[in-house]
1. Criterion first (open to solvent by 70 Å² or more (accessible area, probe 1.4 Å) and under 28 Å from Ala126 (Cβ atoms)) does Lys36 satisfy it?
2. For Leu63, which of the numbered conditions (1) in contact with a Phe, Trp or Tyr (Cβ under 7 Å, 6 or more places away or on another chain); (2) in a loop (DSSP other than H, G, I, E, B) fails to hold?
3. Of all residues being among the charged types (D, E, K, R) and within 16 Å of His100 (Cβ to Cβ) in the stretch 178-198, which is modelled with the highest pLDDT? Just the residue, please.
4. Take the conditions part of a helix (DSSP H, G or I), surrounded by fewer than 13 Cβ atoms within 10 Å (Cβ to Cβ) and among the β-branched types (Val, Ile, Thr) and apply them to Val69. Does it pass?
5. I'd like to know if the stretch 81-93 contains one or more residues that are in a helix (DSSP H, G or I) and under 20 Å from the mean Cα position of the chain (by Cα).
6. So Ile147 passes all but one of these: (1) under 23 Å from Thr32 (Cβ atoms); (2) modelled with pLDDT of 90 or more. Which condition number does it fail?
7. Go through (1) in contact with a Ser or Thr (Cβ under 8 Å, 6 or more places away or on another chain); (2) without any contact (Cβ under 8 Å) to a residue 40 or more places away in the chain; (3) surrounded by 12 or more Cβ atoms within 10 Å (Cβ to Cβ); (4) small (Gly, Ala, Ser) one by one and return the number of the condition Ala49 breaks.
8. Looking only at the stretch 140-173, count how many residues are open to solvent by 80 Å² or more (accessible area, probe 1.4 Å) and part of a helix (DSSP H, G or I).
Amino acid sequence: MTGTGTVGGRKARSAETEAALKEAAKRVFARTGYLKAKITDITAEADRAAGSFYSHFRSKEQLLEALLVDMLEEGDVRAEEPGHSPDFTDPAAVRWHVAHFWRFTATNRSVVLALAQAAMVDEHFAGRLRELFEPTVHDLADHLDHIRAAGGRLPGEPLLVASMLISTMSHFVFHWLLDGAGLLGREVSDQEAVDTLADFIVHGISGSPAPPA
């Protein structure tokens, strides 16, 4: 029992250190940016020995990829929240997804920015990033198929439209949420941003809204 307890204790301490390094990396990335962050900055922030990093990650890139995997797993859990519907013939379902994307990005702001910075300078990492996000594109395309099944007409093939929607949402979120400097001389509230983006997407995939009565 003593041996088993010792092994269990080591595993618990190892898991605690890994979690501490991940959380420290998020804070360092938020403060200095991913490209300028050093592994020693992360271990110092986590209050761990510099060598402890390599017991869990081979490189800063591998740590960032681990954060991405955690983020995607969190997204899968959130997709099971009440109110989720894949039927994009319903504007409320589109708005739910936009609000989820906005809130999810805000929660993971430092990681999302770090991913964007890493992809700009590392083609291998950019390819891995595309690979990890590919299921999201297919999932959104399945949602769009509900429109065609109901007799609606999409502006293009579902996968192409899905990639276009993700690109649109990503750029909108970057400029209004991640960039930190309001455009057009003003800030935008979460509600206004979500409502505007959701309406834009609904009209883009389903046609213009009906004129007022």
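1. Details: open to solvent by 70 Å² or more (accessible area, probe 1.4 Å): yes; under 28 Å from Ala126 (Cβ atoms): yes.
Judged against the criteria, Lys36 is a match.
2. Result: Leu63 fails condition (2) only.
3. Step one: of the stretch 178-198, the residues among the charged types (D, E, K, R) are 179, 186-187, 190, 192, 195.
From what's left, within 16 Å of His100 (Cβ to Cβ): 190, 195.
Values: Asp190: 93, Asp195: 96.
Taking the candidates together, the pick is Asp195.
4. On the way: part of a helix (DSSP H, G or I): yes; surrounded by fewer than 13 Cβ atoms within 10 Å (Cβ to Cβ): yes; among the β-branched types (Val, Ile, Thr): yes.
Yes; evaluated as a whole, the condition is true for this residue.
5. So the first thing to find is which residues in the stretch 81-93 are in a helix (DSSP H, G or I), and the list is 91-93.
After this cut, where a residue has to be under 20 Å from the mean Cα position of the chain (by Cα) as well, the list is 93.
Within the stretch 81-93 (the criterion being in a helix (DSSP H, G or I) and under 20 Å from the mean Cα position of the chain (by Cα)), the answer is yes, since at least one residue qualifies.
6. (1)
7. (3)
8. 6
The values are calculated or read from the model by the stated rules, or taken from the named source; none is laboratory data. Keep in mind that this is a model prediction, so the values were computed, not measured. All Cβ positions, even for glycine, are placed from backbone atoms using ideal geometry, and neighbour counts span all protein chains on display. To get the accessible areas, we keep the full protein, side chains included, count just its heavy atoms, and leave off ligands, DNA and RNA. Shrake-Rupley method; radii C 1.70, N 1.55, O 1.52, S 1.80 Å.
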